[in-house]
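Derivation of every value follows stated rules applied to the coordinates shown; laboratory data play no part. Treat the numbers as computed from the prediction; the structure is a model and nothing was measured. In this analysis, Cβ positions are derived from the backbone assuming ideal geometry, glycine residues included, and neighbour counts consider all displayed protein chains.
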Amino acid sequence: MSITSELNVLYERWKNGKHFIPGGVVDENKFQSSSIKVLMLLKEVNDTNGDEWTLPEHLNNQIHHQKFRPIWRNVGMWVYGAQFNFPPYQNAKKHVGDGIRYVATTNLKKSGGSGSSNMDEIWEHARDNQMLWREEIKIINPDIVVCGGTFSVVKDILGLESEWTSSGAQIGHALDTIFIDFYHPAYRVSPRLLYPYFKETVQSLF
């Protein structure tokens, strides 16, 4: 069974008629062929309308129109770099869509929220639904899980024993993968600074 098919079965068990925005892989063939399989583990989507959509659909739509939100522009550059030996920033910047095709992503909180996350609410949701995102990670089977502002929550719930990389990033091992404490991709700092920091962090692991 494909990753997407397994995730769909999982999500159907957890929806229970609630507003639920599934995660997943953008392009399963690309993801499976990745030199480094990257899962972005974020907080929640900015959606208070309760619309029905999925993160892979959202990202494929951005690729189709070649119009990328800043959060996914950063992710696209990071993941493109991870697949292609981290070319210079200006090169990676030209291949955002190509990078996004290799992405897997999900949120700890599957229902939509506002532009500013309530971390107590995120923590509570992640604790109460930990079997869901644990199973997502098992199905996706990434080499690294990039915790965009979620590492403290994951560390607490999973009981991670963290360590520091040579780049200064905190990491922890669990669920047969490596969790990385990293900036949220929408963090207000220059992408030119985040890209080399991501590069140094990933290269310190492999």
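Points to keep in mind about this one:
- Note on S152/V189: beta-carbon distance plugged into 1/(1 + (r/R0)^6) with R0 of 22 Å gives a FRET efficiency of 0.75.
- Links that overshoot a 28 Å alpha carbon limit, given the list K15/K199; K15/K43; K15/K93: K15/K199; K15/K93
- Residue-by-residue Karplus 3J(HN,Hα) for the stretch 95-104, coefficients 6.51, -1.76, 1.60, Hz, glycine and proline x: 10, 4, x, 4, x, 4, 4, 8, 8, 10
- Virtual paramagnetic centre 7 Å along Cα→Cβ of E163, amide N under 19 Å, in the stretch 186-204: 200-204
- The stretch 3-117 - convex hull of the alpha-carbon atoms, volume per residue in Å³: 103
- By the beta-carbon count within 10 Å of each Cβ, the least crowded to most crowded order of R101, R188, R69, fewest first, is R188, R69, R101.
- Here the stretch 3-203 is assigned +1 on the Cβ of each Lys and Arg and -1 on the Cβ of each Asp and Glu. Its dipole about the Cα centre then comes out at about 700 debye.
- Spacing of the modelled spin labels on Q66 and S2, each 7 Å from Cα toward Cβ, amounts to 2.6 nm.
- Translational diffusion coefficient (Stokes-Einstein; Kirkwood radius from C-alpha pairs) of the chain at 10 °C, 1.306 mPa s, in µm²/s: 93
- Counting only DSSP H runs of at least 4 residues, each contributing -39500 (n - 2.57), and dividing by the residue count of the chain, the helix-based mean residue ellipticity at 222 nm comes to -13500 deg cm²/dmol.
- Within the stretch 3-203, percent of DSSP bridges classed antiparallel, to nearest 5: 35
- Normalising the Debye intensity of the stretch 56-169 to I(0), with uniform scatterers on Cα atoms only, and taking log10 at q = 0.17, 0.20 Å⁻¹ returns -1.02, -1.26.
- Considering only I63, F31, S162, and ranking their Cα positions along the charge dipole of the chain that arises from unit charges at the beta-carbon of Lys, Arg, Asp and Glu, the one farthest toward the positive end is I63.
- Exposure proxy for F68, F198: other Cβ atoms within 10 Å of each Cβ, ordered fewest to most, give F68, F198.
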